[in-house]
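*Asks:* Quick one: structure below, then a few questions.
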There are 2 protein chains.
Amino acid sequence: MDTTKNISNPYTVTECKTFILPVRDVIDLLGGKWRLPIIIALSFKNHRFKELERQIEGITPRMLSKVLKDLEINGLVNRDVFKTTPITVEYSLTDYGKSLDKVIETVREWGLTHRQKIINK
Amino acid sequence: MDTTKNISNPYTVTECKTFILPVRDVIDLLGGKWRLPIIIALSFKNHRFKELERQIEGITPRMLSKVLKDLEINGLVNRDVFKTTPITVEYSLTDYGKSLDKVIETVREWGLTHRQKIINK
DNA sequence: CGGGATCCATCGAGATACTG
DNA sequence: CAGTATCTCGATGGATCCCG
């Protein structure tokens with residue numbers, strides 16, 4: 001944040017919204033119940049649909065399908081179909097998806113200290 | 001993320017959940033419709049309740065009250081009551097709350113490039 | 001195996017009115 | 001001014017069954 005402008009708040013409401021937009025995008029991309037588990041699982045290794053369903057306990061195929069589709073649209077996940085019988089589909093993180101790791105790590109570090117702080121109260 | 005362990009995924013499901021927990025904490029802290037606008041507004045300057053209500057267009061006193069209370073519980077926001085007549089209440093970010101700025105900035109940078117990438121498609 | 005379709009429960013959030 | 005109390009609704013996600 002541009003602290004040089006904090007003193008008298010010269011930002012208009014519109015500027016403030018513009019500031020927030022890209023942050024909200026990422027929060028939404030990582031938010032929801034299943035996005036993080038799926039991204040983390042794929043950061044470990046590529047997975048097939050059924051593998052993910054087994055790995056991420058509690059998820060239904062409906063939600064798995066939905067989130068994977070969304071992550072694919074956002075360019076974070078690759079979907080590779082192999083024409084075996086029966087058909088197999090492999091999901092993997094794109095290089096771009098992997099670039100989220102550093103963001104997640106930054107967030108995680110703050111979150112770890114936060115946990116300590118809250119627990120100590 | 002510990003990339004040295006990514007190759008064969010030695011993480012158990014439990015370890016994976018433990019890994020995610022602090023990340024989820026932060027996402028929840030910044031998620032929802034009003035948390036970011038409130039935090040950003042308070043990062044500019046301290047505000048009274050009514051000032052926030054005016055500044056953050058569309059928010060109802062109910063939601064404002066709710067989120068402020070939650071942010072206070074999480075140690076991000078101070079609530080100072082002044083016994084004037086009528087009573088005035090000033091909200092401000094704690095030093096701890098301000099420490100979130102660097103996290104938000106990291107998230108925002110990634111989000112900005114993401115916007116470019118998505119728009120160009 | 002890799003999903004889609006449908007129905008249903010829960011929860012975040014809006015609208016409105018009211019209080020100390 | 002600084003909130004609280006109800007009521008309501010739409011979105012998120014769960015349960016279950018089905019298909020190529």
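*Asks:* Taking N as the number of residues in region B:62-102, what value does Rg over Cα atoms divided by 2.2 N^0.38 Å take?
*Replies:* On the way: Rg = 11.5 Å, N = 41, 2.2 N^0.38 = 9.0 Å.
Taking N as the residue count of region B:62-102, the ratio is 1.28.
*Asks:* So, with +1 on the Cβ of K and R and -1 on the Cβ of D and E, and no other charges, what is the size of the charge dipole of chain A about its Cα centre, to the nearest 20 debye?
*Replies:* Once rounded to the nearest 20, the dipole reads 380 debye.
*Asks:* For the protein assembly as shown, treating each Cα as an identical point scatterer without solvent, what Debye log10 I(q)/I(0) comes out at q = 0.08, 0.13, 0.16 1/Å?
*Replies:* -0.37, -0.86, -1.18
*Asks:* While we're here: Taking only DSSP H segments of four or more residues, each worth -39500 (n - 2.57), what value at 222 nm results for chain A once the sum is divided by all its residues, to the nearest 500 deg cm²/dmol? It would help to have the intermediate numbers written out before the result.
*Replies:* Details: 6 runs with 72 residues, N = 121.
After summing the helix terms and dividing by residue count, I get -18500 deg cm²/dmol.
*Asks:* Is there a simple number for the mean count of other chain Cβ atoms within 10 Å of the Cβ of residues in B:68-75, and what is it?
*Replies:* Mean partner shielding for this stretch: 1.
*Asks:* Per-residue mean of other chain beta-carbon atoms within 10 angstrom of the beta-carbon, peptide A:40-49?
*Replies:* 3
*Asks:* Could you rank the peptides B:46-56, B:12-22, A:28-38 by their average count of other C-beta atoms within 10 Å per residue, with the highest value first?
*Replies:* Peptide ranking by packing, descending: A:28-38, B:46-56, B:12-22.
*Asks:* Another one. On a C-alpha basis, how far is the centre of region B:42-103 from the centre of region A:93-121 in Å? Whole number, if you could?
*Replies:* Answer, in whole Å: 25.
*Asks:* Angle check, please: helix A:13-30 long axis (alpha carbons) against the longest principal axis of chain A (alpha carbons), in degrees 0 to 90, nearest 10.
*Replies:* 30 degrees
*Asks:* Taking every residue in B:96-107, how many Cβ atoms of other protein chains lie within 10 Å of its Cβ, on average? Write down the numbers at each step before the final one.
*Replies:* Numbers: counts 3, 0, 3, 3, 3, 2, 3, 8, 8, 4, 8, 12.
For peptide B:96-107, the averaged partner shielding equals 5.
*Asks:* Cut-off under 14 Å on the C-alpha distance; same-chain residues fewer than 8 positions from A:K117 excluded. Which aspartates and glutamates are left, in chain and number order?
*Replies:* Answer for A:K117, where 14 Å is the Cα cut-off: A:E109, B:D25, B:E72, B:D95, listed by chain and number.
*Asks:* So if each residue of separation counts as 0.36 nm, and I subtract the Cα-Cα distance between B:M63 and B:Q116, what length gain in nm does that give?
*Replies:* Stretched out fully, the B:M63 to B:Q116 stretch lengthens by 15.9 nm.
*Asks:* Let me ask another. Under the convention of a label 7 Å out along Cα→Cβ, give the distances in nm from A:K33 to the same position in every other copy, shortest first.
*Replies:* Here A:K33 shows inter-copy label distances of 2.1 nm.
Read-outs throughout are calculated quantities, based only on the coordinates presented, and are distinct from any laboratory measurement. Only a predicted model underlies this, so the values are computations on that prediction, with no experimental measurement involved. Methodologically, a virtual Cβ is constructed for each residue, glycine included, from the backbone with ideal geometry; neighbour enumeration extends over all protein chains shown.
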